Structure formats: C-alpha cells, structure tokens
Amino acid sequence: MGMTLRGRTALVTGASSGIGAATAAELAAAGCQVVLVGRDQRRLAQVTARTGGLALAAELTDASGLDRVVTAARRVDLLVHCAGIGWSGDLASMSAEQVEALTAVNLTAPVLLTSAVLPELRRRRGHVVFVSSIAAVGVRGEEVYAATKAGVRAFAESLRRLDGLGVTTVLPGAVRTPFFAGRRYDRRFPRVLAPEEVAAALVRGVQRGRAEVFVPGWLAVPARLQGALPGVFRALARRFG
C-alpha cells in the first residue's frame, strides 16, 4: 500500500549530497517535514536552507552518532537510507580497513538504525526505503560494494514479511554523485543518472507502495534474468560487463 506524504515526517540519511540531498528536496516538495542526517555540516546546512528541514550532523558508524539518529528516527513516519560509500578497483588491492568501512556504512548502519526504530515505525504504520544498487546483482571490480548492496536488498526483502511496515528498495544504475567526481565512467551502459532522477523515482515508489524500484526501469530485466536464468545472465555479464 502506498503512503500519502503530505504532513508526514521523513528522516533521510546521507542528506548532505547526492541522492540523499535530492530525495530530501523531493520529499519536502511533496509536503513532508524532513529530518536531514549527514556528515558534511556545510552541505547539510545548504540542503536544510532549501528544504526547510531539521539538520542532524552525525556519523552513522559511530555509536553516539547512531544513538542520536535513532532518537530522532523514533518520531518519523518514513525512514530513507541514502547514506553510502562506493569503491571500485582491483579486489586484491583493497585493504581490510576499506572493506570494513564499506560494510559499516552501506550495510551495518542501516540494519542497526532500522532495527532500533522498527517497533515504533510499525506502530505508526510507517515506511522504510533502502537505496541499494543494480550492483547488487554482482559487478566486476565492485565486489565488496556489490556484496553490501545485495545484503541491503536481502534485508529489505525479509522486512516485507512483517505487518504494519511498508518497504521499498531502490536499485539505480550509475549516479552522478561525489563518488564519481574526477573518475571516468567507462561502461557502455547504463547511462549516468542525475540524483534528482533517482529521488523522483524513489518518492513515486513510496507513494505507490512499490516493493522495488529500478532506475532506469529497464534494469529490472537483468535483475530478473539473474534469478530466472543465472547461466544466461553470467554469459551476458562477461560479454558486456
């Protein structure tokens, strides 16, 4: 079931830039009061000024920071997990610290935050959104990042078994975020998306009660193919990946 957004309170993590900032603006335009969580206080203040929201500077991988966000999230109807970091390159060159950082931000933090506020969120018949990635199907050169995003997708799917909670997972392709600043994107497809495109699709997904939202929509085809015909999917991935 979809959610009417006007008059609701939404908490958005990763709101200081990228998809999080764009989502905060989209939700504010839809009539939500937004609580903006981010690490970059200067950028967070800019987003707050644009949206009229409440800023909460916090580090989600820090226990005290997470506790403050949990306290704020107990009063919201919509919890949107946009915070995330990326990494690509030769897996053998990836340090243990980099693996731990990706896992902590992309997977552990949203699991802990959601778990902490789940009873209250269900009592309010609220909704939670996870920004995963099409990389969740497995991508060469992004093995650990893909694993964290696949974990988020599986966590979201498990939460859908619970009553009193709406759950939407957003799986975009490459997005123009700080991760790609100064980096060359050399894949043939999909094209690089603007954060605003993902944010608009995310909000529509919540309003319509969609379980999964692929951006662009045709990315649902390879994702479904992976599940139905994994051998064909792997052959195509080797050819075009």
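A short reminder: the numbers here are calculations on the coordinates, not readings from a lab. Treat the numbers as computed from the prediction; the structure is a model and nothing was measured. Here Cβ is always computed from backbone atoms with ideal geometry, including for glycine, and neighbour counts include all displayed protein chains.
Between the beta carbons of Asp40 and Arg140, assuming R0 = 35 Å, the FRET efficiency works out to 0.70 to the nearest 0.05. Tell me the angle of helix 195-208 to the major Cα principal axis of the chain, expressed in degrees between 0 and 90 and rounded to the nearest ten. That helix lies at roughly 70 degrees to the long axis. Among Leu118, Leu91, Leu193, the largest mean-square fluctuation in a Gaussian network model of the chain (Cα springs under 10 Å) belongs to Leu91. Relative to the longest principal axis of the C-alpha atoms of the chain, give the angle of the C-alpha long axis of helix 230-240, reported between 0 and 90° and rounded to the nearest 10°. Roughly 80 degrees between the two axes.
How would you rank 147-157, 14-24, highest first, on the average number of other Cβ atoms within 10 Å across their residues? Could you put the intermediate results ahead of the total?
Working: 147-157: 19.9, 14-24: 27.2.
Descending mean neighbour count gives 14-24, 147-157.
Once the Cβ-Cβ distance of Glu196 and Arg75 is raised to the sixth power relative to R0 = 41 Å, the FRET efficiency obtained is 0.90.
Taking all C-alpha pairs of the chain, those more than 29 Å from each other amount to 24 percent. Across Thr13, Thr169, Thr177, mean-square fluctuation computed from a Gaussian network of the chain (C-alpha pairs under 10 Å connected) peaks at Thr177.
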